[in-house]
Each structure stands twice: as C-alpha cells, then as structure tokens.
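The values are calculated or read from the model by the stated rules, or taken from the named source; none is laboratory data. In this text, all values refer to a predicted model and were calculated from it rather than measured experimentally. Quick reminder, even Gly has a Cβ in these numbers, built from the backbone with ideal geometry, and neighbours come from all protein chains shown.
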Amino acid sequence: MQTKRNIVNSFLTVVFTLFSLAWIYPIVMILLNSLKKESAISTNTVFQVPTADTFAGLDNYVNAVGSKGFVSAFLTSLLITVTSVAAILLFCSMCAWFITRVENKWTKAIYYLFVFSMVVPFQMLMFTLAGTSDKLKLNTPWNIWFIYLGFGAGLAVFMFSGFMKSIPLEVEEAAMIDGCSPLKTFFAIVIPILKPTLISVGILETMWVWNDYLLPYLVLDRKKYSTIPILVQYFKGSYGKVEMGPMMACIMLTVLPIIILYLFCQKHIIKGVVAGAVKG
C-alpha cells in the first residue's frame with residue numbers, strides 16, 4: 001500500500017513539474033529574446049538561445065527604459081496600482097466586516113450582489129464606461145482607482161467575508177467592553193488578524209491592476225498618460241514594424257516587480273486563499 005502511494009506521489013510530482021515548466025517557458029523565452037540583437041529575433045530563431053553573434057547584453061533594456069516614456073509609464077502604473085489596491089483592501093475589508101457582523105436580509109443581498117459582480121464580464125460595460133468616466137472626471141491616474149474599486153470589490157469582499165467568519169466575535173466584544181469604538185476595534189483588532197487575507201487579496205489585485213491593459217486604454221487620456229501595458233504596444237511602429245528586442249525587455253521589466261512581490265508574500269497567499277475559500 002505504501003509503495004503504491006509512493007508511486008502515485010512520484011507520478012504526480014513529475015506531472016506537476018512538467019506543468020510548471022510549461023507555465024514558465026514563455027517567460028524564459030521572453031527573457032532569452034530580450035538579450036538578443038534585433039536582427040536575431042524572428043519566427044525562425046525565436047526559440048534559439050543567444051550566441052556570441054546574437055547576444056546584445058543589456059542594450060535592449062537600455063533602449064526600452066530610455067525611449068517612449070518608460071519611466072513616466074512606470075510611475076503612472078505604480079500610482080494606479082498602489083491607490084487602487086489600497087482602496088480595495090480598505091473599503092472591501094470594512095464592507096465584509098459589516099456584512100458578516102450585521103446579519104440580516106439586506107446584508108445578505110449586498111453580499112450576493114458582490115458575488116454576482118464577479119461573473120459579469122467587463123466587456124458588457126466597456127462601451128459606456130469611457131463616456132461615464134469622462135463626465136465624472138475619473139480619467140486620470142489619481143482617481144481611476146474608483147473604477148478599479150468597483151470592478152475588484154466582488155472578489156475582495158468574497159474572500160474577506162469568508163475569513164471574517166472565522167474571527168471569534170468574543171474578541172471584538174472584549175475590545176468594545178474595554179472602550180474601543182467600532183472603528184478602533186476594526187483597525188486595532190480585526191486588521192491584524194486579517195493580515196494573511198489582506199496580503200493574498202493585495203497580491204491578486206496587484207497582478208490584475210498592474211497588468212491591466214484595456215481599462216486604462218479606454219479611460220485615460222492617452223495623449224497625457226500611459227501605463228506599462230499600453231507602452232508595450234508603442235514598440236509596434238508603422239507598416240507592421242515591431243521593435244522586438246526593446247519590447248521583450250519592456251515585458252520583462254513589467255513582469256519582474258510582480259514576481260518579486262509574489263516571492264516575498266508567497267506563504268501569506270496560500271494561507272489567505274485557503275482561509276477565505278473554506279469559510280465562505
């Protein structure tokens with residue numbers, strides 16, 4: 001019996017290892033091609049490892065950073081991501097706390113509305129969103145977070161609500177007996193306990209906002225503002241010419257911050273996702 005179990009575990013290890021390698025293969029290909037000379041990147045050579053003749057060093061990265069407003073686009077993406085994720089974490093955690101602690105038909109209806117919003121495709125709203133955002137002045141990097149809050153609230157409230165149900169109500173009651181207001185109870189008691197789920201939701205929302213192309217493209221004034229995903233498209237010039245080397249380098253510079261953030265917060269992501277899903 002033990003031998004059979006070991007064989008199954010070994011087989012699953014091999015299978016998931018192959019899946020993992022297949023998953024990271026495109027990123028490895030982008031990295032290798034970002035180190036090639038422009039003339040060495042084609043459909044025939046895209047899968048080849050750089051050689052002494054085709055190796056370009058960091059020239060593509062220097063070109064990507066120094067042209068087409070990379071620094072400005074990076075700062076714009078950073079501003080949008082930080083403000084949007086901060087708003088989602090703050091408002092959605094407070095909303096989930098209210099929903100789980102005030103149990104009546106209205107809070108249940110609100111909860112199911114949030115859950116339903118996760119299945120509504122963005123494409124249903126995209127055509128009216130651009131005009132509405134212009135009228136409400138939500139078309140700048142400083143206030144586009146309000147739109148991201150609306151689209152990201154469903155998943156966040158769902159995960160936060162699941163974890164909130166695991167927090168003993170007696171802990172909050174003891175804090176209120178000691179004189180804490182509801183607001184102080186939330187920030188002093190609930191938020192520290194909520195840390196794993198906060199980090200998990202924060203990572204998921206960060207990956208979404210940072211890599212989002214369509215929403216900023218529709219909403220922002222592209223003559224003034226550009227994000228990293230939009231900037232990548234600018235490496236495609238006229239008459240179908242594409243600056244493949246700088247484009248690959250720009251993609252790698254876009255992916256790198258998310259990979260670093262994920263590696264630092266990996267253990268909290270697993271805890272938060274499991275806690276938020278099981279209790280929901």
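How many of the residues making up segment 180-212 are small (Gly, Ala, Ser) and either modelled with pLDDT under 85 or surrounded by 15 or more Cβ atoms within 10 Å (Cβ to Cβ) (or both)? Steps first, answer last, please.
Of the residues in segment 180-212, the ones small (Gly, Ala, Ser) are 181, 188, 200, 202.
Within this subset, residues satisfying the condition of being either modelled with pLDDT under 85 or surrounded by 15 or more Cβ atoms within 10 Å (Cβ to Cβ) (or both) are 200, 202.
Residues in segment 180-212 being small (Gly, Ala, Ser) and either modelled with pLDDT under 85 or surrounded by 15 or more Cβ atoms within 10 Å (Cβ to Cβ) (or both): 2 in total.
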(Q) Suppose we filter segment 146-169 for residues that are without any contact (Cβ under 8 Å) to a residue 60 or more places away in the chain and surrounded by fewer than 20 Cβ atoms within 10 Å (Cβ to Cβ); how many remain? (A) 5
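Does Ala52 satisfy being assigned by TED's automatic domain parsing to the domain that holds Met252 and surrounded by fewer than 14 Cβ atoms within 10 Å (Cβ to Cβ)? First the steps, then the outcome.
Numbers: assigned by TED's automatic domain parsing to the domain that holds Met252: no; surrounded by fewer than 14 Cβ atoms within 10 Å (Cβ to Cβ): yes.
Considered against the rule, which asks whether it is assigned by TED's automatic domain parsing to the domain that holds Met252 and surrounded by fewer than 14 Cβ atoms within 10 Å (Cβ to Cβ), Ala52 comes out as no.
Given the criteria assigned by TED's automatic domain parsing to the domain that holds Trp142, assigned to a helix (DSSP H, G or I) and either surrounded by 14 or more Cβ atoms within 10 Å (Cβ to Cβ) or not basic (Lys, Arg) (or both), does Leu18 qualify? Step through it out loud before you land on a result.
Details: assigned by TED's automatic domain parsing to the domain that holds Trp142: no; assigned to a helix (DSSP H, G or I): yes; either surrounded by 14 or more Cβ atoms within 10 Å (Cβ to Cβ) or not basic (Lys, Arg) (or both): yes.
The answer is no for Leu18.
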Q. For Leu35, all conditions in the list (1) touching a strand residue (DSSP E or B) at 6+ places or on another chain (Cβ under 7 Å); (2) surrounded by fewer than 17 Cβ atoms within 10 Å (Cβ to Cβ) hold save one; what is the number of the exception?
A. (2)
(Q) For segment 56-74: of the residues being of a type in the set (A, V, I, L, M, F, W, C) and loosely packed, with under 14 Cβ neighbours inside 10 Å, which is nearest to the chain's Cα centre (by Cα)? (A) Val71
**Q.** Subset of segment 173-199 [in contact with a Phe, Trp or Tyr (Cβ under 9 Å, 6 or more places away or on another chain), in contact (Cβ under 8 Å) with a residue 60 or more places away in the chain and part of a helix (DSSP H, G or I)]
**A.** Phe186, Val190, Pro196, Thr197, Leu198
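One line per residue, one yes/no per condition, for (1) part of a loop (DSSP other than H, G, I, E, B); (2) of a type in the set (A, V, I, L, M, F, W, C); (3) in contact with a Ser or Thr (Cβ under 7 Å, 6 or more places away or on another chain):
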site: Ala109; (1), (2), (3): no, yes, no
site: Leu129; (1), (2), (3): no, yes, no
site: Asn143; (1), (2), (3): yes, no, no
site: Phe151; (1), (2), (3): no, yes, no
site: Ser161; (1), (2), (3): no, no, yes
site: Ser166; (1), (2), (3): yes, no, no
site: Glu170; (1), (2), (3): no, no, no
Q. Taking into account only those residues within segment 213-253 that are aromatic (Phe, Trp, Tyr) and loosely packed, with under 15 Cβ neighbours inside 10 Å, which is farthest from Ile27 (Cα to Cα)?
A. Tyr239
